[in-house]
Amino acid sequence: MSPLVLLVLAWAGLVLAAIPALLTLANLRLFQPPPEPPAGSPPPRVSVLVPARNEERAIGRLMADVLASEGVELELVVLDDASEDRTAELVRELAARDGRVRLVPGGPLPTGWCGKQHACWQLARAAQHDTWVFLDVDVTPARDAIARSVAFLDASGAALASGFPRQETGSFLEWLLLPLIHFVLVGYLPLARARQVNDPSLAAGCGQLFVTRRADYERAGGHAAIRGSLHDGVKLPRAYRRAGLVTDVFDATEIASCRMYSRSLDVWRGLSKNATEGIGSAATILPFTILLAGGAILPPLLAAWGLATGFAGWPTGGAVVALVAAVLAYLPRVCDAIRFRQSLTSAAFHPLGVGVFLAIQWVALVRKTLGLKTAWRGRSLAPQ
C-alpha cells in the first residue's frame, strides 16, 4: 500500500474516530441521572403500564419490584398480550391480594399493528392516573426509580422522557453488542442540539422505560401513531416531536437495570427485528457504516498493522496519526464502560462488536429487500 494511501486512511480514521470521542465527552456531562423528587412534595400518582407476552419467568419479579416503589402512589396495570404460559394467572393471583395491581386482557391484534404498540395503546386506555410510566418486563427498577423518573419529567419540561437502564449481559453477543446502545446514543447524538431544536430526526429514546402524561400522549397520537413500528424507542419520541412536543433522555443506570436477552441467538434476532427502522434503513445504513467502521474498526486495524510491521514504508507523521486515531476509537467505549458499569473487557473488543453490529444491520436490510419475515415472541413479523 502506498504511503499516500496509508496517510489518507490514517487521517480518515482520525476524523471519524474523533466524532464519537468528542461527542461522548460532551454528552456525558449532559446525559445525567434523574433528580431526587423535591423535598416536601406530595407523592405523584402514577400508572405503571407493563405489556406482557409469555413472561411467566419474569413477571413476578417485575411486579414485586414495582410494588416496592417508594415516594409514589401507584397502580400497576399489566396487559396480557395473548400469552400462552402462566403470565395472566400470576398477575391475577397477585391482583387478588394487592388492590394496586390490575390485569387487562389484551384484545386481538388488528391488521397493521405491531404487538407491543397495540398492547401499550390498550394500557393507555386502561390507565386511571394521568402520569404514566411504560416499563418492559425485563427491567429491574430500584425502589426510587418511578419517583425519580417522574421527577426528571417535571424538571426537564419534556412531554416524553426516556431512561436508559444499565444493560445486564450474560451470553457472548449480549456482552459484545449491548454496550453499543450507550455508545451510539452518547457518541452520535448531539444532545445539546437535540434539547435546543425540536427536530424529529434528533429524537432518541429507549423503549424499556418511558415517562409521559395522558394529555401529551393523546396530543401526540400515542402508540397509535406508530402502530406498525417495531422500534418504539426511536419512533415514539419522533411522534411527540412531530406534534410539537419536547422529548428528552436520562441516564437510568442508577435506578434500573435490564436483561433484554438470555442467549446470543436472541440478541441477533432482537437487534435484527427493528434494525431497518434505525441504522439499518436504506437511507442511513451506508453513512452509518462509514461512520462506525471508519471510526471504530479502521483506526485499530491500521495501528495494529503499523505496529506489527514497525511502520515500515509509512509516510512521515502517519504513524502518529494512526496511533492517535486508535486511542480516540477506544476512548468512548472506555468512558462508557466506567460511567454505565459495563465490561472493560468488552470495550477491548470494540472493533469486533461494531463489525458484528453492522453485519446485523446489513443482513436485516437484505432480508427486508427480499421480503423475508422473521418471528418474535411467537408472532411472524412482516419486514418493516
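The values are calculated or read from the model by the stated rules, or taken from the named source; none is laboratory data. Just so it is clear, the model here is predicted, and its values are computed rather than measured. When we count neighbours, we look across all protein chains shown, and the Cβ atoms used for this are built from the backbone with ideal geometry, even at glycine.
So the values come out like this:
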quantity: Failed item, numbered, when residue 64 is tested on (1) surrounded by fewer than 17 Cβ atoms within 10 Å (Cβ to Cβ); (2) out of contact with any helix residue (DSSP H, G or I) (no Cβ under 7 Å at 6 or more places or on another chain); (3) among the small types (Gly, Ala, Ser); (4) more than 25 Å from residue 33 (Cβ to Cβ); calculated: (4)
quantity: Neighbours by Cβ (under 9 Å, 6+ apart or cross-chain): first from region 341-353, in the same structural domain as residue 328 (by TED's automatic domain parsing); second surrounded by fewer than 15 Cβ atoms within 10 Å (Cβ to Cβ) and modelled with pLDDT of 95 or more; calculated: 344/338
quantity: Complete set of residues in region 228-263 that are over 14 Å from the mean Cα position of the chain (by Cα) and at pLDDT below 95; calculated: 228, 229, 262, 263
quantity: Test result for residue 26, under 30 Å from residue 192 (Cα atoms) and touching a helix residue (DSSP H, G or I) at 6+ places or on another chain (Cβ under 8 Å); calculated: yes
quantity: Residue ID - surrounded by the fewest Cβ atoms within 10 Å (Cβ to Cβ), chosen from residues in region 50-61 that are touching a strand residue (DSSP E or B) at 6+ places or on another chain (Cβ under 9 Å) and small (Gly, Ala, Ser); calculated: 58
quantity: All positions within region 208-222 that are buried (at least 23 other Cβ atoms within 10 Å of the Cβ) and touching an Asp or Glu at 6+ places or on another chain (Cβ under 7 Å); calculated: 208
quantity: Yes/no for residue 289 being closer than 18 Å to residue 177 by Cα, surrounded by fewer than 23 Cβ atoms within 10 Å (Cβ to Cβ) and of a type in the set (Ser, Thr, Tyr); calculated: yes
quantity: Inter-residue pairs, beta-carbon under 7 Å, first assigned by TED's automatic domain parsing to the domain that holds residue 182 and in region 247-263, second among the aromatic types (Phe, Trp, Tyr), 6+ apart; calculated: 247/240; 249/31; 249/164; 250/152; 251/31; 251/164; 252/164; 253/340
quantity: Hey, residue 71 surrounded by fewer than 22 Cβ atoms within 10 Å (Cβ to Cβ) and more than 22 Å from residue 205 (Cβ to Cβ) or not; calculated: yes
quantity: Residues that are of a type in the set (Ser, Thr, Tyr), part of a loop (DSSP other than H, G, I, E, B) and surrounded by fewer than 19 Cβ atoms within 10 Å (Cβ to Cβ), drawn from region 248-266; calculated: 262
quantity: Qualifying residues in region 94-105 (those that are over 14 Å from residue 52 (Cβ atoms) and small (Gly, Ala, Ser)) - the one surrounded by the fewest Cβ atoms within 10 Å (Cβ to Cβ); calculated: 99
quantity: Residue, surrounded by the most Cβ atoms within 10 Å (Cβ to Cβ), within region 35-49, restricted to residues that are within 26 Å of the chain's Cα centre (by Cα) and either farther than 23 Å from residue 134 by Cβ or among the hydrophobic types (A, V, I, L, M, F, W, C) (or both); calculated: 48
quantity: Of the criteria (1) modelled with pLDDT of 95 or more; (2) in a loop (DSSP other than H, G, I, E, B); (3) of a type in the set (Gly, Ala, Ser), which one residue 346 fails; calculated: (2)
quantity: Filter result for residue 269 (touching a residue at least 40 places away in the same chain (Cβ under 8 Å) and surrounded by fewer than 19 Cβ atoms within 10 Å (Cβ to Cβ)); calculated: yes
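Matching residues to (1) in a helix (DSSP H, G or I); (2) in contact (Cβ under 8 Å) with a residue 24 or more places away in the chain:
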site	(1), (2)
33	no, yes
42	no, no
48	no, yes
66	yes, yes
76	no, yes
82	no, yes
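The rows are residues; the columns are (1) of a type in the set (Lys, Arg); (2) assigned to a helix (DSSP H, G or I); (3) touching a residue at least 24 places away in the same chain (Cβ under 8 Å); (4) crowded, with 22+ Cβ neighbours inside 10 Å.
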| position | (1), (2), (3), (4) |
| --- | --- |
| 92 | yes, yes, no, no |
| 107 | no, no, no, no |
| 113 | no, no, yes, no |
| 119 | no, yes, yes, yes |
| 125 | yes, yes, no, no |
| 147 | no, yes, yes, yes |
| 150 | no, yes, yes, yes |
